[in-house]
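To start, the structure under review is shown below, and the notes come after it.
The values are calculated or read from the model by the stated rules, or taken from the named source; none is laboratory data. Computed from a predicted model, the values in this text were never measured in an experiment. Here the Cβ is made from the backbone with ideal geometry for all residues, glycine too, and neighbour counts use every protein chain on show. Keep in mind that these areas ignore ligands, DNA and RNA; they rest on the heavy atoms of the full protein, side chains included. Shrake-Rupley method; radii C 1.70, N 1.55, O 1.52, S 1.80 Å.
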Amino acid sequence: MRRLALCFVLATTAACAPAAPPANVPEEMTAINGLRDKVQQAFKAGDATAVGNLYTTDAIWAENHQASITGRDAILKNVTELFSAYNVTLTLTPDETTQMGDFAYDWGRFKFEATAKAEGTPAIPTDEGRYLVLLKKDADGQWRVQRDIGNSSMPMPMPMPAPPIKKDGK
């Protein structure tokens, strides 16, 4: 009798468990791939507002050798400053994209190129490496970047050598 009761409890529990969210739904994958295209287009156009709108309000942008940028407004401020001084091309090449319900991730390779708009503006070296983004389908039905992590494959620039010390202290 106990076994029968245990089987009934287990069967009832399993029947009440939520179903796994749908994965890799073709329409959602199309929208996610479109988001990646929109990011690249907004960078090429220098459209900071468009870039900002592709991130969730609580997004975090974490790149190598820089403090993380938290929140859509901070990301917008950062790219506004970048686009005011540079023309930027960001190339994203996906290697793996998976959608699970209202979340997805996109993992791949990036290349970042920036050209100064004005003479005398310090050059930004071309960067390339790997990226991993966590995407979330927002309340308005749009896919947005919630976490953006870049990992450069380029070597760190060497620090400038210290000036020589003079014997007389000058």
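So between residue 153 and residue 103, what do we pick up on full extension, going 0.36 nm a residue minus the alpha carbon distance?
On the way: separation 50, 0.36 × 50 = 18.00 nm, distance 2.70 nm.
Between residue 153 and residue 103, full extension yields an extra 15.3 nm.
Summarise the accessible area of the stretch 14-163 (1.4 Å probe, protein heavy atoms) by the percent that is carbon and sulfur. Can you show the working numbers first?
Numbers: 5230 of 8980 Å².
Looking at the stretch 14-163 in its full context, I get 58 percent from C and S.
Expressed as an acute angle from 0 to 90° and rounded to the nearest 10, what is the orientation of the C-alpha long axis of helix 26-45 relative to the principal long axis of the chain?
For helix 26-45, the angle is close to 10 degrees.
Could you give me D for the stretch 16-133, from Stokes-Einstein at 10 °C and 1.306 mPa s, where the hydrodynamic radius is the Kirkwood radius over C-alpha pairs? Units µm² s⁻¹, please.
On the way: Rh = 15.7 Å.
Result for D is 101 µm²/s.
Return the sequence-ordered ³J(HN,Hα) values of the stretch 127-140 in whole Hz as given by the Karplus equation 6.51 cos²θ - 1.76 cosθ + 1.60 applied to θ = phi - 60°, using x for Gly and Pro.
10, 8, x, 10, 10, 9, 10, 9, 10, 9, 7, 6, 4, 7
Identify which of 94, 159, 125 has the largest mean-square fluctuation in a Gaussian network model of the chain, with springs joining Cα atoms closer than 10 Å.
Of 94, 159, 125, the Gaussian network model singles out 159 as fluctuating most.
At 1.4 Å probe size, with every protein chain present, just tell me what the per residue accessible area of the chain comes to in Å². Walk me through the numbers before you get to the answer.
Working: 11440 Å² over 170 residues.
Here the per-residue accessible area is 67 Å².
Quick one: Karplus J couplings for the stretch 146-153, per residue in order, coefficients 6.51, -1.76, 1.60, θ = phi - 60°, nearest Hz, x for Gly and Pro?
9, 9, 10, 10, x, 10, 5, 9
For an R0 of 45 angstrom, estimate the FRET efficiency from the Cβ-Cβ distance between residue 19 and residue 77 and round to the nearest 0.05. Walk me through the intermediate numbers first.
Details: r = 41 Å, r/R0 = 0.92.
Once the sixth-power term is evaluated, E becomes 0.60.
Using a Gaussian network model of the chain whose springs link C-alpha atoms within less than 10 Å, name the residue from 154, 100, 29 with the highest mean-square fluctuation.
154
Taking only Cα atoms and a 10 Å spring cutoff, compute GNM fluctuations for the chain and point out the largest among 146, 66, 99.
66
Quick one: net charge of residue 58's neighbours, Cβ under 11 Å, K/R +1, D/E -1? Write down the numbers at each step before the final one.
Details: positive: 72, 136, 144, 147; negative: 73, 138.
Combined, the nearby Lys, Arg, Asp and Glu give +2.
Rounded to the nearest 500, what is the 222 nm mean residue ellipticity of the chain from helices alone, with -39500 (n - 2.57) per DSSP H run of 4+ residues and division by all residues? Numbers along the way, then the final one.
On the way: 4 runs with 55 residues, N = 170.
Mean residue ellipticity at 222 nm (helix-derived): -10500 deg cm²/dmol.
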